[in-house]
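Remarks on the structure that follows.
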Amino acid sequence: MSSLKKEIYLTKENKFEKVEKWVKILREYRFNKKSIPFQLSKAALLVIDMQNYFLDASSHAYLPTGELIINSINSVISYFQANNRPVIFTRYGIDDTIIVKSSKMKEWWGRNELHFSDPLSEIHPLLKVNNSNIIKKSTYDSFIGTDLQDILENLNIEHIVITGVITQLCCETTARSAFCRDFFVWMVIDCIASQNEELHLSSLKAATHGFATPITSDNIIKNKYNE
């Protein structure tokens, strides 16, 4: 299978079986690792790039599985909001007023960049954005060129829970960067999506091995953080 092939690998019908399979696989990559006690009182939820750009079928960047994680993400958002914990959305793109002299993202992908004036840059309307911070970013890493670190430090955050898209790009890059900045990182494996299962699971394996704890949305809501 081509690593660039897009597929619907997670559905309502196969979610339980598929996620259980991922949990078992990823558990092997946590072998001999110390369990990190999760502290909700010091946690923030990060919802990465859940924009029409990735969730609208008319977009070239459309992820077939992307829309299927919206309900699970909303469940986690509701849980954080009910516990008065911060929820932060990121929005990828570039400002129309900024002239970019040299964009490596544009050169790498070989296409024009997403502008914030484009409706595709908007966060998907089904996401529960109310009472959340929204930060704009122009690259994979949600910390670069943003005030994310200042926001987290001002809130005394130590644990970052990551959801959103794309698993191996913005989610993994942000998770790795957060770990290197001394945050504990949790990746919600059924609230993150990629082009296909191969890329999704490969990224989660690397993250689980090196810098993030995998968890399911159900276990977050049920306070089962180390299962």
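Selection of the range 151-179 for residues being farther than 24 Å from Glu197 by Cβ, small (Gly, Ala, Ser) and crowded, with 22+ Cβ neighbours inside 10 Å yields only Ala178.
Cβ separations smaller than 7 Å between residues 6+ apart or across chains give the following pairs from the range 81-98 residues that are closer than 23 Å to Thr173 by Cβ to residues that are part of a helix (DSSP H, G or I) and of a type outside the set (A, V, I, L, M, F, W, C): Val87/Gln81; Arg91/Ser121; Gly93/Ser121. Of everything listed in (1) at pLDDT below 95; (2) part of a helix (DSSP H, G or I), the single unmet condition for Asn32 is (2). Consider Ile162 carefully, then state whether it is modelled with pLDDT of 95 or more, aliphatic (A, V, I, L, M) and either under 27 Å from Leu4 (Cβ atoms) or touching a Phe, Trp or Tyr at 6+ places or on another chain (Cβ under 7 Å) (or both). Spelling it out, Ile162 is indeed modelled with pLDDT of 95 or more, aliphatic (A, V, I, L, M) and either under 27 Å from Leu4 (Cβ atoms) or touching a Phe, Trp or Tyr at 6+ places or on another chain (Cβ under 7 Å) (or both). Report whether or not Glu113 is assigned to a loop (DSSP other than H, G, I, E, B), more than 16 Å from the chain's Cα centre (by Cα) and either among the hydrophobic types (A, V, I, L, M, F, W, C) or within 22 Å of Ser59 (Cβ to Cβ) (or both). Considered against the rule, which asks whether it is assigned to a loop (DSSP other than H, G, I, E, B), more than 16 Å from the chain's Cα centre (by Cα) and either among the hydrophobic types (A, V, I, L, M, F, W, C) or within 22 Å of Ser59 (Cβ to Cβ) (or both), Glu113 comes out as yes. Applying the criterion of being of a type in the set (Lys, Arg) and farther than 23 Å from Glu153 by Cα to the residues of the range 180-227, the residue that is surrounded by the most Cβ atoms within 10 Å (Cβ to Cβ) is Lys205. Would you call Asp118 closer than 22 Å to Leu10 by Cβ and either in contact (Cβ under 8 Å) with a residue 24 or more places away in the chain or touching a helix residue (DSSP H, G or I) at 6+ places or on another chain (Cβ under 9 Å) (or both)? No. Here Asp141, Asp118 are screened, and the one residue that is among the acidic types (Asp, Glu) and farther than 23 Å from Thr213 by Cβ is Asp118. All of (1) modelled with pLDDT under 95; (2) crowded, with 22+ Cβ neighbours inside 10 Å; (3) among the small types (Gly, Ala, Ser) hold for Gly145 with one exception: (2).
The values are calculated or read from the model by the stated rules, or taken from the named source; none is laboratory data. Remember, it's a predicted structure, so these values are computed and weren't measured experimentally. Because the Cβ atoms are built from the backbone with ideal geometry, glycine has one as well, and the counts that use them run over all protein chains shown.
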